[in-house]
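Notes for the one structure printed next.
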4 protein chains.
Amino acid sequence: MKFISRSVFVICLFMIVSAMLNQKAKRIVFFGDSITEAGARPGGFIGMIGDALTKKGLASQYELIGAGIGGNKVYDLYLRMDDDVLAKKPDVVVIWIGVNDVWHKASFGTGTDADKFEKFYAAIIKKLQAQNIQVILCTPATIGEKTDFTNQQDGDLNKYAQIIRNIAAQYHCGLVDFRKAFLEYNLKNNPDNKDRGILTVDGVHLNEKGNQLAADKMLEVLLK
Amino acid sequence: MKFISRSVFVICLFMIVSAMLNQKAKRIVFFGDSITEAGARPGGFIGMIGDALTKKGLASQYELIGAGIGGNKVYDLYLRMDDDVLAKKPDVVVIWIGVNDVWHKASFGTGTDADKFEKFYAAIIKKLQAQNIQVILCTPATIGEKTDFTNQQDGDLNKYAQIIRNIAAQYHCGLVDFRKAFLEYNLKNNPDNKDRGILTVDGVHLNEKGNQLAADKMLEVLLK
Amino acid sequence: MKFISRSVFVICLFMIVSAMLNQKAKRIVFFGDSITEAGARPGGFIGMIGDALTKKGLASQYELIGAGIGGNKVYDLYLRMDDDVLAKKPDVVVIWIGVNDVWHKASFGTGTDADKFEKFYAAIIKKLQAQNIQVILCTPATIGEKTDFTNQQDGDLNKYAQIIRNIAAQYHCGLVDFRKAFLEYNLKNNPDNKDRGILTVDGVHLNEKGNQLAADKMLEVLLK
Amino acid sequence: MKFISRSVFVICLFMIVSAMLNQKAKRIVFFGDSITEAGARPGGFIGMIGDALTKKGLASQYELIGAGIGGNKVYDLYLRMDDDVLAKKPDVVVIWIGVNDVWHKASFGTGTDADKFEKFYAAIIKKLQAQNIQVILCTPATIGEKTDFTNQQDGDLNKYAQIIRNIAAQYHCGLVDFRKAFLEYNLKNNPDNKDRGILTVDGVHLNEKGNQLAADKMLEVLLK
């Protein structure tokens, strides 16, 4: 008996250690526009997520890869997902897109129709899920931080955020609802109804506080 | 005594009748876009205001004139105010403009910059007030009636409504806050978050209920 | 010898007849926007191509299928090509797209960036050619028929037409250069610089002469 | 005789000197957008016009004043003409406007409708001519210098240039046709179909050659 139990113990131990050694880090690709592109730079939210994982002693279990390109809309992601995402064989993809799909309507005349936004977004998710990649969606945060609902794109941004919430539910994806989180933060911390400077430098791109909020909210969902 | 009192009575009666005969009706010009243009047609809010005045026995005291033209923006009003308003020698001008200044950004690329909207609006008011004409301003009501704040132009329309509120305060004008009134009505009466059909036929142009609400709210301010 | 030659002859004859009987009609799908959608209706250019083939005694050799949907841009074609084109197993696909990619910039704020237009167009062609489908490209004809180069979208439409010419050369596709053909026709037949009514009813959608010109030019390339 | 001729001579001399002393310099205001604003800076076309007048010994006869503001459209000129032009009591006003009226359609959604462009332009001219001020109009030069007619705004810019030519004829104003002059120059000097760098730094704002061309063409009309 004694002999048997000991050998079982040794075998079990071996299996556990072996599993730990074999365990490869979870590879997370952050896929998005200029906000994500900046998030991969020093001081960006991706580095902050890395720091937080280190503090928790989880650094070795995650590999974080930035794949953001400025000006991208949902169909830019679609067009480059083979090269920039699938080729990297990720375990998790965090998609943060939508600001330019709305904003470029006014600034270039080349925004994305709501129904096409949904179609391309769904097409991306299906391709990722077909390879058993976990997908986490983020709603677009802000184009202007004013809290009296007078930012020019508020209505449209709410609409596209709602589309993303619906897609997340439909395809059983994780959701980081930045639209909601940024508004809540601003309602508390932007008493002067400023259009920038609270979580962003220019109404869109994140300052330090914005990057920290982004890192915190993403981490919640990533570690869930 | 008798003689005197009789002659006093006769003189008083003469003065009263004379005043009644001399009293000219208050001339009100409704100055705006297609919403006002439709408001002057059968079933429109201008006729409804007339009906309400008749019921109150005030019909003879008011003359109502429609001066709405479809597609108008604030600077269209400015360009045609001499011919279409001042030439009619109004006592009161009710200005209802702003939907196209916002909407035409997306539909033609020729919306009105917010600062220019304010400048032309102020220029119109100054010209009217210089002729001792009473000016009543209306905020734009809706482009889409959805109540979850996802109508594309919600943010921009809120912004232009706020500009009008500020101008009304600055120039001591009456204000009919349709943006507020329509939202309040929809929050109560549009539980299915429809984008049209509650107060409008198409999200913008008034149905019967919308015309009635417009008439009621304008009357409140006109009779104040 | 005689026997052999006779049996060879019989076999050859059998093969030829067999081939003729087996020869299935060439299936051509016309893939595009509202112009192609209308082209499939009575009096449209697809019917005119059919009539011309009948006159030439070639009717049985071709099967013509309309696959146009109003409002489509290049990425709409991309999104629906599996269902609406590949599922029909065509031998030839005639793509006529681009008007809305340009026009929707001004009318909805959702036109297509030039570089994305090229990428989606190329993606469509690659998918078709991968299945050995012959691809014929058409340049967008007109948004406005004025001949003094003052149609609002003239410059942009020229640009997108040029992109299509380049793609046709790069991917060895047939090309029907409607932009060129329509301008040449108008320079001869539109002395009053009208913006519609020569080849179109509204500057964009084809009248009878426009449909006939479209049919003639497509037939030239189809029978080449 | 002698006496008479001498007195005639004296009188004539007196008149000439008197005229010279009385002759005040012709005051020219250059009224426009960022192109004119830059034209008033060192190296700009206004300074070049001044240099040319100096070389011709005419410097004392002209006073040149820049009144350009970046981003201006025709109705910006209208709104600020009292303060920025009439208050300066000019003899001549050179108006160069139109690029932003076209360009802002795509970049902000706040371009100027063609009919409103014409109305505000005419309103400016009437106000200037009512004060006996000579008015010289300029057509917008370029948004992109490509010579194959594929600059996005080519058609629209041609249209607005044509409106200005018509207004110049209608109101008997001088005309500097930059649209024509810049195209002719580019057709000769831009063999590689570049979109900038020939007469402009960015397709719109003038480089040294562009400023020189502007100065030369304006001078022709000013000295006519």
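Of D:Ser107, D:Ser60, D:Ser34, which is the most mobile in a GNM of chain D whose springs link Cα atoms less than 10 angstrom apart?
Judging by the Gaussian network model, the answer is D:Ser107.
Determine the order of C:Thr139, A:Thr147 by accessible area, beginning with the largest, at a probe radius of 1.4 Å.
Output order, biggest surface exposure first: A:Thr147, C:Thr139.
Mind checking the log10 I(q)/I(0) for the stretch D:91-224 at q = 0.11, 0.16, 0.22 Å⁻¹? Debye, one equal scatterer per Cα, no solvent, two decimals.
Treating every Cα as an identical point scatterer, log10 I(q)/I(0) equals -0.39, -0.82, -1.35.
Under 20 Å from a point 7 Å along the Cα-to-Cβ line of A:Asp115: which residues of the stretch C:59-73 have their amide N that close?
Residues C:66-73 fall inside that zone.
Within chain D, which DSSP H helices have Cα atoms that stretch 20 Å or more along the helix axis and a mean Kyte-Doolittle hydropathy of at least 0.0?
D:2-22
Search the structure for amide H atoms under 5 Å from the amide H of D:Leu206, placed 1.01 Å from N in the peptide plane, and list their residues when 5 or more places away or on another chain.
D:Val201
Enter the mean number of other protein chain beta carbons within 10 Å of the beta carbon of each residue in C:155-162, as an integer.
The per-residue average across the peptide is 6.
In debye, nearest 20: dipole of the stretch A:65-192 around its Cα centre with unit charges on the Cβ of K, R (+) and D, E (-)?
My answer is approximately 300 debye.
Using a 1.4 angstrom probe with every protein chain in place, what is the largest-first accessible-area order of B:Arg179, A:Arg41?
Ranked list, largest accessible area first: A:Arg41, B:Arg179.
For the stretch D:125-224, report the accessible area per residue in Å² (1.4 Å probe, heavy atoms, rounded to an integer).
About 45 Å² of surface per residue is accessible.
Give me the percent of the accessible area of chain A that comes from carbon and sulfur atoms, probe 1.4 Å, all protein chains in place.
Its accessible area is 56 percent carbon and sulfur atoms.
Could you work out, residue by residue across B:79-90, how many beta carbons of other chains sit within 10 Å of that residue's beta carbon, and then give the average as an integer?
Averaged over the peptide's residues, the number is 1.
Among C:Ala38, C:Ala181, C:Leu53, whose Cα sits farthest toward the positive end of the charge dipole of chain C (+1 at Cβ of Lys/Arg, -1 at Cβ of Asp/Glu, about the Cα centre)?
C:Leu53
Using the Cβ atoms and a cut-off under 15 Å, what net charge is assigned to the surroundings of D:Asp177, where Lys and Arg are +1 and Asp and Glu are -1?
Summing Lys/Arg as +1 and Asp/Glu as -1 gives +2.
Assigning unit charges at the beta carbon (Lys, Arg +1; Asp, Glu -1) and nothing else, what dipole magnitude in debye, to the nearest 20, does the protein assembly as shown show about its Cα centre?
My answer is approximately 40 debye.
May I ask you to rank D:Glu208, A:Glu184, A:Glu37, D:Glu145 by accessible area, largest first, using a 1.4 Å probe over the protein chains only?
Accessible-area ranking of D:Glu208, A:Glu184, A:Glu37, D:Glu145, largest first: D:Glu208, A:Glu184, A:Glu37, D:Glu145.
Per residue of B:111-119, count partner chain C-beta atoms within 10 Å of its C-beta, then hand back the mean as an integer.
Shielding by partners across B:111-119 averages 4.
So what is the calculated 222 nm ellipticity per residue for chain C, using -39500 (n - 2.57) for each DSSP H run with n of 4 or more, over all residues, to the nearest 500 deg cm²/dmol?
Value at 222 nm, helices only, nearest 500: -16500 deg cm²/dmol.
The values are calculated or read from the model by the stated rules, or taken from the named source; none is laboratory data. Given the structure is predicted, the values throughout are model-derived calculations rather than measurements. Note that we place each Cβ from the backbone using ideal geometry, even for glycine, and neighbour counts take in every protein chain shown. Accessible surface areas use protein heavy atoms only, side chains included; no ligands, DNA or RNA. Shrake-Rupley method; radii C 1.70, N 1.55, O 1.52, S 1.80 Å.
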